[in-house]
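Participant: Sharing a structure below in structure tokens format, with a few things to ask.
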Amino acid sequence: QPQLVESGGGLVQAGGSLRLSCTVSGIIFSVWHMGWYRQAPGKQRELVALISQSGNRNYADSVKGRFIISRDNAKNTAYLEMNGLNPDDTAVYYCNLHRTSTEYWGQGTQVTVSS
């Protein structure tokens, strides 16, 4: 069972930036697709961004132009750079490792954006 450990969350003012990291161990990271999801209080978990094993990226409309997903296979780490944060971005952010029908989740990191 691989381990996914997120870090980089915290409290930030509206308009600010944060960079989340997800470090993976116990699996060959480079062959897996990575994703970032978030869940706000009282809401369902939603997709934020995806990056394939080959580096193709997809974003939710709500974060396009503000967030950037990337990966460093040499470090077994995926990143989510978040700019122009607003209170609607407040949520627990989870990283996700997936391939075909198998997926793994991190424990989540809290991001809080104050107005």
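Participant: Return a yes/no flag: does segment 80-90 have any residue that is assigned to a strand (DSSP E or B) and touching a Gly at 6+ places or on another chain (Cβ under 7 Å). Lay out the reasoning, then the answer.
Facilitator: Here is the first cut: in segment 80-90, the ones assigned to a strand (DSSP E or B) are 80-82.
Within this subset, residues satisfying the condition of being touching a Gly at 6+ places or on another chain (Cβ under 7 Å) are none.
No, segment 80-90 has no match at all.
Participant: Run down 84, 26, 35, 9 and say which single residue is free of Cβ contacts under 8 Å to residues at least 60 places away in the same chain and either under 12 Å from the mean Cα position of the chain (by Cα) or surrounded by fewer than 15 Cβ atoms within 10 Å (Cβ to Cβ) (or both). Step through it out loud before you land on a result.
Facilitator: Numbers: 84 fails: free of Cβ contacts under 8 Å to residues at least 60 places away in the same chain; 35 fails: free of Cβ contacts under 8 Å to residues at least 60 places away in the same chain; 9 fails: free of Cβ contacts under 8 Å to residues at least 60 places away in the same chain.
When all the criteria are applied, what remains is 26.
Participant: Out of 63, 113, report the one residue that is aliphatic (A, V, I, L, M) and either modelled with pLDDT under 95 or touching a Ser or Thr at 6+ places or on another chain (Cβ under 7 Å) (or both). I'd like the intermediate steps shown before the answer.
Facilitator: On the way: 63 fails: either modelled with pLDDT under 95 or touching a Ser or Thr at 6+ places or on another chain (Cβ under 7 Å) (or both).
Every option except 113 fails the conditions.
Participant: Ok, one more. Going by the conditions given, is residue 53 more than 23 Å from residue 25 (Cα to Cα), surrounded by fewer than 16 Cβ atoms within 10 Å (Cβ to Cβ) and not acidic (Asp, Glu)?
Facilitator: Taking the combined requirement at face value, the residue does not satisfy it.
Participant: Within segment 35-67, how many residues are within 20 Å of residue 92 (Cβ to Cβ), touching a Leu at 6+ places or on another chain (Cβ under 9 Å) and assigned to a strand (DSSP E or B)?
Facilitator: So the count comes out to 8.
Participant: When segment 66-81 is examined, which residues are found to be open to solvent by less than 30 Å² (accessible area, probe 1.4 Å) and either β-branched (Val, Ile, Thr) or at pLDDT below 95 (or both)?
Facilitator: 69, 77
Participant: Another one. Just a yes or no: is a residue in segment 13-20 closer than 18 Å to residue 112 by Cα, open to solvent by 20 Å² or more (accessible area, probe 1.4 Å), without any contact (Cβ under 8 Å) to a residue 60 or more places away in the chain and outside any loop (DSSP other than H, G, I, E, B)?
Facilitator: The answer is no; no qualifying residue exists.
Participant: Could you say whether any residue in segment 98-105 is in contact with a Ser or Thr (Cβ under 8 Å, 6 or more places away or on another chain) and either modelled with pLDDT of 95 or more or part of a loop (DSSP other than H, G, I, E, B) (or both)?
Facilitator: Taking segment 98-105 and keeping what is in contact with a Ser or Thr (Cβ under 8 Å, 6 or more places away or on another chain), we get none.
So far as segment 98-105 goes, no, none of its residues is in contact with a Ser or Thr (Cβ under 8 Å, 6 or more places away or on another chain) and either modelled with pLDDT of 95 or more or part of a loop (DSSP other than H, G, I, E, B) (or both).
The values are calculated or read from the model by the stated rules, or taken from the named source; none is laboratory data. The structure presented is a predicted model; accordingly, all values stated were derived computationally and were not measured. For neighbour counting, all protein chains shown are included, and Cβ atoms are generated from backbone atoms with ideal geometry for every residue, glycine included. In case anyone asks, the SASA skips ligands and DNA or RNA and just uses the protein heavy atoms, side chains included. Shrake-Rupley method; radii C 1.70, N 1.55, O 1.52, S 1.80 Å.
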